[in-house]
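Asks: Before I ask anything, let me first share the structure, which is written out below as structure tokens.
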Amino acid sequence: MKHLSDQELMAIVQAGEFSPASEIYDRYSSRIYNFAYRFLKNSEAAEDATQEVFVKMLRHANQFHGDAKLSTWLFSITANWCRDYLRKADNKAKEAEDVLVTLPAPAEHSPERNLERRENERRIQKALGALTPEQREAILLSRYQGLSYAEIAQISGCSEGAVKTRVFRAMETLKKALAVDAGGGDRCLNAMS
Amino acid sequence: MSECDVMREGMPLLLTESLDPVRRELTHSHIERCPACGDEWNGLRETWRLMGELPKVEVPASIKERVLEAVGQPRPQVATVVPLFRRVVLRRLAEAAALVVLVGGSYYAGHRTRPVELQPTQATINSVAPARYSIAESRVFPADLVSPTIEGRPDIENVSFIDTNPNDDAIGLSFDITSHVTVTGRPTDKSMVRLLRYMLENHETMSPSRSKAIDWVRATYSRPGNADPEIAEALGNVLRNDAHQNVRIKAADTLKHMGASAASDTREILVEALKNDPNPAVRIKAVEALANLARSGVQLDSATIDTLRQKAVQNSENVYVRVKAAEVLSSVHQ
């Protein structure tokens with residue numbers, strides 16, 4: 001399956017055969033999970049999102065049109081799922097729970113560098129949390145997924161101009177937040193608040 | 001919109017190198033001759049670089065299994081559930097016996113004589129008594145007809161927590177253990193408590209995650225009258241042993257919300273977490289739980305007081321932990 005293109009894999013799925021599911025999952029699960037995790041700041045919700053996105057993608061494969069990229073379609077489903085999740089009142093309160101998640105740092109770095117990276121991770125996650133969901137969606141897709149404004153517009157259901165504005169405003173907010181936060185203070189406590 | 005505004009709005013595109021050549025050239029020229037926009041550009045570039053330090057998160061392997069299972073594809077690896085017996089006849093016997101372990105009739109209900117002892121061994125069946133229920137289908141059992149005795153460490157999967165009517169005191173636990181079982185009853189039923197305890201302490205044999213179980217336990221057992229020492233003890237074990245800090249945070253937070261009567265049994269574990277847990281958020285929750293205990297009139301022993309004193313003056317400690325520790329001490333001395 002590895003030699004087949006996304007479109008070819010999807011054509012097999014559209015014919016009712018789910019054998020490419022594993023290969024499609026391997027190609028995109030990390031991007032989908034990371035996007036959902038950073039968007040929702042909640043690892044469990046990100047797990048649910050990833051599972052449901054792939055199951056939905058496979059079961060509704062006929063809604064995929066070969067003229068779009070599979071990644072764009074998958075991110076559309078994921079972004080919809082995340083927006084629905086945040087719309088539910090109960091989930092808003094849970095948003096901050098995973099802020100302090102610590103991820104393994106590369107072993108080759110010195111302890112000081114690892115500490116700095118971890119600190120930076122906290123600061124960035126906190127700064128991302130200060131964005132509106134629309135801005136966060138746009139910046140995550142642009143900065144971490146490398147999508148073009150046209151693709152983001154398709155995923156977010158808005159114009160390219162709106163994406164441009166969202167990314168610009170997001171960058172302005174992040175610049176301020178990261179510059180201010182670099183001044184010190186009890187970051188862990190801030191992250192909890 | 002001034003020229004500067006137009007240029008600045010295009011700067012993120014410059015960062016991704018997706019600005020068209022003409023505008024790219026224009027923007028760079030503008031940056032060179034406009035100090036304010038030059039500063040803006042440097043700030044954005046530094047922010048963009050810093051954002052690159054957000055690491056990738058590893059995808060939990062279990063998601064793939066669940067996805068493939070949902071669309072009827074074979075699991076990507078050897079199943080983690082070890083079959084009890086290979087031979088069909090023996091497997092049927094084991095299935096029947098495993099259910100008997102759970103459904104032993106009302107004889108055992110309420111006869112709790114000692115805590116559940118979980119051995120790190122495969123599930124074993126000591127004897128097979130006639131079962132009152134068929135295992136061929138999904139069944140619902142009232143908690144007072146179920147023996148909570150769990151032997152070995154059977155795999156419990158597809159757990160869901162049910163509270164269909166928050167206004168009554170009935171709750172339910174639904175799970176697969178060779179066949180799908182739902183146990184319903186009150187939160188205070190010992191059967192229910194023991195099942196929950198097993199689920200809290202054996203997350204590696206359970207899906208979905210323990211974190212969800214703790215959420216549900218918190219919602220149910222924080223209600224007045226539902227607090228149970230055995231649940232508190234299980235949460236204490238989670239707090240002491242779980243490798244995942246988010247799970248430990250939730251366990252400490254749940255203990256904080258449980259009544260003093262339940263949480264006082266776990267005071268030592270809370271102190272231990274306050275002293276040794278590497279995650280400041282866990283320590284925050286632990287000191288808050290201790291503060292709740294002190295507020296509710298629970299007498300804190302000298303070891304607890306010593307730890308709080310040490311924390312209150314420890315410069316390297318999180319400032320919130322220090323303040324909270326000092327607060328507890330002042331309430332104790334009043």
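Asks: With in contact (Cβ under 8 Å) with a residue 12 or more places away in the chain, aliphatic (A, V, I, L, M) and crowded, with 20+ Cβ neighbours inside 10 Å as the only criterion, which of B:303, B:291, B:325, B:312 stands out?
Replies: Details: B:303 fails: crowded, with 20+ Cβ neighbours inside 10 Å; B:291 fails: crowded, with 20+ Cβ neighbours inside 10 Å; B:312 fails: crowded, with 20+ Cβ neighbours inside 10 Å.
Checking each option against the conditions leaves just B:325.
Asks: In segment A:58-88, what residues are of a type outside the set (A, V, I, L, M), more than 21 Å from residue A:35 (Cα to Cα), assigned to a helix (DSSP H, G or I) and touching a helix residue (DSSP H, G or I) at 6+ places or on another chain (Cβ under 6 Å)?
Replies: So in segment A:58-88, the residues of a type outside the set (A, V, I, L, M) come out as A:59-60, A:62-67, A:69, A:71-73, A:75-76, A:78, A:80-85, A:87-88.
From the residues that got through so far, the ones that are more than 21 Å from residue A:35 (Cα to Cα) too are A:59-60, A:62-63, A:65-67.
Those still in the list that are assigned to a helix (DSSP H, G or I) too: A:59, A:62-63.
Across segment A:58-88, the qualifying residue is only A:62.
Asks: Answer with yes or no whether residue A:19 is surrounded by fewer than 18 Cβ atoms within 10 Å (Cβ to Cβ), in a helix (DSSP H, G or I) and within 11 Å of chain B (Cβ to nearest Cβ).
Replies: Values: surrounded by fewer than 18 Cβ atoms within 10 Å (Cβ to Cβ): yes; in a helix (DSSP H, G or I): no; within 11 Å of chain B (Cβ to nearest Cβ): yes.
It is false that residue A:19 is surrounded by fewer than 18 Cβ atoms within 10 Å (Cβ to Cβ), in a helix (DSSP H, G or I) and within 11 Å of chain B (Cβ to nearest Cβ).
Asks: Then there's this: Applying the selection to segment B:296-325, what residues are part of a helix (DSSP H, G or I) and either over 21 Å from residue B:249 (Cα atoms) or not assigned by TED's automatic domain parsing to the domain that holds residue B:268 (or both)? Explain how you work it out, then say what you get.
Replies: Taking segment B:296-325 and keeping what is part of a helix (DSSP H, G or I), we get B:302-313, B:319-325.
Residues satisfying the conditions are B:302, B:303, B:305, B:306, B:309, B:310, B:313.
Asks: For segment B:20-39, what are the residues that are without any contact (Cβ under 8 Å) to a residue 24 or more places away in the chain, part of a helix (DSSP H, G or I) and exposed (fewer than 11 other Cβ atoms within 10 Å of the Cβ)? Talk me through it step by step, then tell me what you get.
Replies: So the first thing to find is which residues in segment B:20-39 are without any contact (Cβ under 8 Å) to a residue 24 or more places away in the chain, and the list is B:20-29, B:32-33, B:35, B:38-39.
After this cut, where a residue has to be part of a helix (DSSP H, G or I) as well, the list is B:21-29, B:32-33, B:35, B:38-39.
Listed by number, the residues that qualify are B:21, B:22, B:33, B:35.
Asks: With the requirement that a residue be more than 12 Å from the chain's Cα centre (by Cα) and facing chain B (nearest Cβ under 10 Å), what does segment A:22-37 give you?
Replies: Residues of segment A:22-37 more than 12 Å from the chain's Cα centre (by Cα): A:22-27.
Within segment A:22-37, A:22, A:24, A:25, A:26 qualify.
Asks: How many residues are of a type in the set (S, T, N, Q), facing chain B (nearest Cβ under 8 Å) and under 13 Å from the mean Cα position of the chain (by Cα) if we restrict to segment A:135-181? Walk me through how you get there before you give the answer.
Replies: First, pick out the residues of segment A:135-181 that are of a type in the set (S, T, N, Q): A:135, A:142, A:145, A:148, A:154, A:156, A:159, A:165, A:173.
Applying the additional criterion that residues be facing chain B (nearest Cβ under 8 Å) yields A:142, A:148, A:165.
Now drop any that are not under 13 Å from the mean Cα position of the chain (by Cα), which leaves A:142.
Residues meeting the conditions: 1.
Asks: Collect the residues in segment A:123-153 that are among the aliphatic types (A, V, I, L, M) and assigned to a helix (DSSP H, G or I), keeping them in residue-number order.
Replies: Within segment A:123-153, A:124, A:127, A:128, A:138, A:139, A:140, A:141, A:150, A:152, A:153 qualify.
Asks: Counting just the residues of segment B:15-67 that are among the aliphatic types (A, V, I, L, M) and more than 34 Å from the chain's Cα centre (by Cα), which one comes out nearest to the other protein chains (Cβ to nearest Cβ)? Walk me through how you get there before you give the answer.
Replies: Applying the first criterion (among the aliphatic types (A, V, I, L, M)) to segment B:15-67 yields B:15, B:19, B:22, B:26, B:31, B:36, B:44, B:50-51, B:54, B:57, B:59, B:61, B:63, B:67.
From what's left, more than 34 Å from the chain's Cα centre (by Cα): B:15, B:19, B:22, B:26, B:31, B:36, B:44.
Working: B:15: 8, B:19: 11, B:22: 17, B:26: 16, B:31: 15, B:36: 14, B:44: 6 Å.
Restricting to residues being among the aliphatic types (A, V, I, L, M) and more than 34 Å from the chain's Cα centre (by Cα), the top hit is B:44.
Asks: Could you tell me how many of the residues in segment A:104-128 are farther than 20 Å from residue B:280 by Cα and either at pLDDT 90 or above or among the hydrophobic types (A, V, I, L, M, F, W, C) (or both)?
Replies: 2
Asks: Just for segment A:118-134: of the residues that are surrounded by fewer than 17 Cβ atoms within 10 Å (Cβ to Cβ) and without any contact (Cβ under 8 Å) to a residue 40 or more places away in the chain, which one is nearest to the other protein chains (Cβ to nearest Cβ)?
Replies: Just the residues of segment A:118-134 that are surrounded by fewer than 17 Cβ atoms within 10 Å (Cβ to Cβ), to begin with: A:118-119, A:129-130, A:132-133.
The next check asks that each one be without any contact (Cβ under 8 Å) to a residue 40 or more places away in the chain; those that pass are A:118, A:132.
Details: A:118: 9, A:132: 16 Å.
Here the answer is A:118.
Asks: Looking at segment B:274-283, is at least one residue in contact (Cβ under 8 Å) with a residue 40 or more places away in the chain and of a type in the set (Val, Ile, Thr)?
Replies: First, pick out the residues of segment B:274-283 that are in contact (Cβ under 8 Å) with a residue 40 or more places away in the chain: B:274, B:280, B:282.
From what is left, the residues that are of a type in the set (Val, Ile, Thr) are B:282.
Within segment B:274-283 (the criterion being in contact (Cβ under 8 Å) with a residue 40 or more places away in the chain and of a type in the set (Val, Ile, Thr)), the answer is yes, since at least one residue qualifies.
Asks: Here's a follow-up. Does any residue in segment A:17-46 that is under 16 Å from residue A:80 (Cβ atoms) come within less than 6 Å, Cβ to Cβ, of a residue that is of a type in the set (Phe, Trp, Tyr) six or more places away or on a different chain, and which pairs are these?
Replies: A:45/A:85; A:46/A:33; A:46/A:37
Asks: Another question, then. Please go through (1) of a type outside the set (Gly, Ala, Ser); (2) buried (at least 21 other Cβ atoms within 10 Å of the Cβ); (3) touching a helix residue (DSSP H, G or I) at 6+ places or on another chain (Cβ under 6 Å) for residue A:34 and return the number of the only condition it doesn't satisfy.
Replies: (3)
The values are calculated or read from the model by the stated rules, or taken from the named source; none is laboratory data. None of the values given here were measured: they were computed from a predicted structure. No Cβ is skipped: glycine too gets one built from the backbone with ideal geometry, and neighbour counts run over all protein chains shown.
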